[in-house]
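Here's a structure for you.
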Amino acid sequence: MIFRWLLGLAIMGIFLTLALQLHGKHYFMFSFMILFSALLLVYWRFEHQPIKTTTLMFMATLIALAVIGRLIFAAIPSFQAASFVIIMGGMALGPELGFVVGATTALVSNLFLGQGPWTPWQMFAWGLMGFTAALIAHTVIGKRRLPLAIFGGLWGFGFGWLMDAWYVLAYVQPLTGKAFLTAALVSVKFDAYHAAANVIFLILFANLWQQLFQRLNDKYDFLPTQK
């Protein structure tokens, strides 16, 4: 615990020092460092918490399904089933493990589709999707099909906006609100494909997957959210 606090303070000190040295420039590099460190801390915590082998196997299965769900629809821009799997995984596993499932899905699937400076942003976006899915799991949103589908649809656009942010930070100078708005408008069609995929898969399969997860957990007792 003490080491974790010291590490956090050290990173904060480094970032504050860099912020003073950058003098308001190199926004992309600064944001990239923050993002990378946040992901590093999440995985460090994941590595040091006790997790059942059956839970790890379930996570690995979800990640594999999410990767496949992205690859099989790769010919259709932004239309994929990865987000559906991540949302269902986050609801079943809880915030921290849901984040890991989402972030790892981006990292692994990009081994096939191509790694680049966008990968940490995709890891963060999909990780945040899994994290927030866990937060609504036991609310009206998570228990009813239509609100859950709306949640998934909104995340289709939210994911796109986060990716627009990295593009603007990396390639647009000077940074203005108009630049972010233009990027969001240009990508709205692809974000709509992503949102549509989430809505379709959640409406068709969310209840079925929840029932399947519950049956598996009744037999193997591996879901931390059911403790």
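Count, please, the residues in region 139-161 that happen to be open to solvent by 50 Å² or more (accessible area, probe 1.4 Å) and either within 17 Å of the chain's Cα centre (by Cα) or free of Cβ contacts under 8 Å to residues at least 60 places away in the same chain (or both). Give the derivation first.
First pass over region 139-161, keeping only residues open to solvent by 50 Å² or more (accessible area, probe 1.4 Å): 139-141, 143-146, 150, 154, 157, 161.
Going one step further and asking which of them are either within 17 Å of the chain's Cα centre (by Cα) or free of Cβ contacts under 8 Å to residues at least 60 places away in the same chain (or both), we end up with 139-141, 143-144, 146, 150, 154, 157, 161.
Number of matching residues: 10.
So which pairs qualify, if the first residue must be in region 196-217 and open to solvent by 40 Å² or more (accessible area, probe 1.4 Å), the second must be in a helix (DSSP H, G or I) and aliphatic (A, V, I, L, M), the Cβ gap must be under 7 Å, and the two must be at least 6 apart or on different chains?
VAL199/ALA149; ILE203/ALA149; TRP209/MET88
I want to confirm something. Restricting to region 172-187 and keeping residues that are part of a helix (DSSP H, G or I) and out of contact with any Phe, Trp or Tyr (no Cβ under 8 Å at 6 or more places or on another chain), which single residue is most open to solvent (accessible area, probe 1.4 Å)?
Let us first name the residues in region 172-187 that are part of a helix (DSSP H, G or I), namely 177-186.
Applying the additional criterion that residues be out of contact with any Phe, Trp or Tyr (no Cβ under 8 Å at 6 or more places or on another chain) yields 177-182, 185-186.
Values: GLY177: 60, LYS178: 153, ALA179: 18, PHE180: 78, LEU181: 105, THR182: 68, LEU185: 114, VAL186: 107 Å².
So the residue we want is LYS178.
Output the residues belonging to region 123-137 that are more than 7 Å from ALA103 (Cα to Cα) and either open to solvent by 20 Å² or more (accessible area, probe 1.4 Å) or in contact (Cβ under 8 Å) with a residue 60 or more places away in the chain (or both).
Going residue by residue through region 123-137, those that are more than 7 Å from ALA103 (Cα to Cα) are 125, 128-137.
Listed by number, the residues that qualify are LEU128, PHE131, THR132, ALA134, LEU135, ILE136, ALA137.
If you don't mind, another one. Here are some residues: ALA66, ALA92. Which one is over 19 Å from ALA197 (Cβ atoms), open to solvent by less than 60 Å² (accessible area, probe 1.4 Å) and part of a helix (DSSP H, G or I)? Break it down stepwise before answering.
Details: ALA66 fails: over 19 Å from ALA197 (Cβ atoms).
Answer to the selection: ALA92.
Shifting gears a bit: Within region 148-171, is there a residue that is among the β-branched types (Val, Ile, Thr), in contact with a Phe, Trp or Tyr (Cβ under 7 Å, 6 or more places away or on another chain) and not in a helix (DSSP H, G or I)?
No - not one qualifying residue is present in region 148-171.
Starting from region 162-176, take each residue that is among the aromatic types (Phe, Trp, Tyr) and list its partners that are modelled with pLDDT of 75 or more and outside any helix (DSSP H, G or I), counting only C-beta distances under 9 angstrom and pairs at least six apart or across chains.
Between residues of region 162-176 that are among the aromatic types (Phe, Trp, Tyr) and residues that are modelled with pLDDT of 75 or more and outside any helix (DSSP H, G or I), the close pairs are TRP166/PRO117; TRP166/TRP118; TYR167/TRP118; TYR167/SER187.
Of the residues in region 69-89, how many are open to solvent by less than 50 Å² (accessible area, probe 1.4 Å), in a helix (DSSP H, G or I) and of a type outside the set (Gly, Ala, Ser)?
Final tally of qualifying residues: 6.
The values are calculated or read from the model by the stated rules, or taken from the named source; none is laboratory data. Since the model is a prediction, treat every value here as computed from it, not as a measurement. Using ideal geometry, Cβ is built from the backbone for each residue, glycine included, and neighbour counts are taken over all protein chains shown. Surface areas here come from the heavy atoms of the whole protein model, side chains and all, with no ligands, DNA or RNA. Shrake-Rupley method; radii C 1.70, N 1.55, O 1.52, S 1.80 Å.
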